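The values are calculated or read from the model by the stated rules, or taken from the named source; none is laboratory data. Bear in mind that the values here come from a model prediction, so they are computed numbers and not experimental data. Every residue, glycine among them, receives a Cβ derived from its backbone with ideal geometry; neighbour counts consider all protein chains shown. For the accessible areas, the whole protein counts, side chains as well, though only heavy atoms, and no ligand, DNA or RNA atoms are used. Shrake-Rupley method; radii C 1.70, N 1.55, O 1.52, S 1.80 Å.
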Amino acid sequence: QVQLVESGGGLVQPGGSLRFSCAASGIIFRLYVMGWYRQAPGKQRELVARISNGGSTNYADSVKGRFTISRDNAKSTVYLQMNSLKPEDTAVYYCNARATMGDYWGQGTQVTVSS
């Protein structure tokens, strides 16, 4: 059974930082492209950041320079470091694992950026 377990969400003030973790089980982690997506109320789910199994990264324009995605294949875990958070970063954030073998999602974790 595939599981993606996210942690690290919460309430933070504008300008603050958060770090997400997503621990995967039930997949050969190193074979998967790992991504973080988010969905704000009334909006479609959008890509935030993605890291290939080779370590290449890409980011949404709105988070470039503020967010950093990384992975630890030995721990089957992907991370998202979020700095300089803005109110418009408020959303539910989802971890995603994607490969030809399958496409899996975490349960989502809420981030609220507010003073």
Filter the stretch 40-65 for residues that are assigned to a strand (DSSP E or B) and more than 16 Å from Cys22 (Cβ to Cβ) and give the result. Glu46, Asn58, Tyr59
Out of all the residues in the stretch 85-98, which are closer than 19 Å to Gly10 by Cβ, open to solvent by less than 60 Å² (accessible area, probe 1.4 Å) and not acidic (Asp, Glu)? Leu85, Thr90, Ala91, Val92, Tyr93, Tyr94, Cys95
If you go through Gly35, Gly9, the only one that is among the small types (Gly, Ala, Ser), farther than 17 Å from Asp103 by Cβ and within 14 Å of the chain's Cα centre (by Cα) is Gly9
Among the residues in the stretch 90-98, are any assigned to a loop (DSSP other than H, G, I, E, B), farther than 28 Å from Gln1 by Cα and not small (Gly, Ala, Ser)? yes
Being closer than 17 Å to Ser25 by Cα and in a loop (DSSP other than H, G, I, E, B) is the filter here, so list the residues in the stretch 66-77 that pass it. Asn73, Ala74, Lys75, Ser76
Of (1) part of a loop (DSSP other than H, G, I, E, B); (2) over 22 Å from Gly42 (Cα atoms); (3) open to solvent by less than 80 Å² (accessible area, probe 1.4 Å); (4) not acidic (Asp, Glu), Leu80 satisfies every one except (1)
